[in-house]
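Engineer: Here it is, the structure, as structure tokens.
The values are calculated or read from the model by the stated rules, or taken from the named source; none is laboratory data. Since we're looking at a predicted model, the values are computed, not measured. Using ideal geometry, Cβ is built from the backbone for each residue, glycine included, and neighbour counts are taken over all protein chains shown. Quick note on the areas: whole protein, heavy atoms, side chains included, nothing else; ligands and nucleic acids left out. Shrake-Rupley method; radii C 1.70, N 1.55, O 1.52, S 1.80 Å.
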Amino acid sequence: MKLAFISDLHANVRLPFARVSDGGISSDRLEDVCSVLRQAATRCLEEGVEGLYILGDLFDKKHPDGATLVAASRVLREMADQGLAVNILPGNHDAVDRDGRLYTLQFLDALKVPGIRVLGHEAIEVASGVRLHALPWLPDSRALKRMREMDKGCEGDRNILLFHQSVVGAIGDTGWVSDEGLPTDAHDGFDLGL
């Protein structure tokens, strides 16, 4: 089974340096995000990928504007209609509240669009002996507690943690080093953390 993982798309019409167009209902930045999603779908289908996982921050704001919601929803629907399973893990920018109790993305679950799934706190067996453990964004103390609870059921299988949290000491693609977040051993007990 082939799976693909992307994150931090931060879809939004109005971001710093974005050039707004079409009377304010689009921008070059939003069009770029939609283009990236379409390219990811094309590549996934060409490579025989069965599921695409968006690991947090599909949106840039907890209350995205209508144009952003419409554009992103259309692209996600196109992807699902092409036969690609789209799985979305809520990130901190997708959280409506700072406690991680409600996420903007949950409207997609309410619509029950086949092929689009918003991940909750769950384990998904993607192949025999391979389990993905989804952990939507939570405040660090709650995320760490939840990770420890999830560890208890991880014997025997290959266990992969899907999460959207900062980890102390993590190095970003620009060389920035995180000085806050979860401790580096937070995902101990899992074979891999993404």
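Rundown of residues vs (1) more than 21 Å from MET1 (Cβ to Cβ); (2) open to solvent by 20 Å² or more (accessible area, probe 1.4 Å), yes/no style:
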position	(1), (2)
GLY100	yes, no
GLU122	no, yes
ARG148	yes, yes
ILE171	yes, yes
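So that you can scan it fast, the table gives a plain yes or no per residue for (1) surrounded by fewer than 20 Cβ atoms within 10 Å (Cβ to Cβ); (2) outside any loop (DSSP other than H, G, I, E, B); (3) not aliphatic (A, V, I, L, M):
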residue: SER73; (1), (2), (3): yes, yes, yes
residue: GLU78; (1), (2), (3): yes, yes, yes
residue: HIS93; (1), (2), (3): no, yes, yes
residue: VAL113; (1), (2), (3): yes, no, no
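Engineer: Do you know which of the residues in region 3-32 that are touching a Ser or Thr at 6+ places or on another chain (Cβ under 9 Å) and part of a helix (DSSP H, G or I) is most open to solvent (accessible area, probe 1.4 Å)?
Structural biologist: Filtering region 3-32 for residues that are touching a Ser or Thr at 6+ places or on another chain (Cβ under 9 Å) and part of a helix (DSSP H, G or I), the one most open to solvent (accessible area, probe 1.4 Å) comes out as GLU31.
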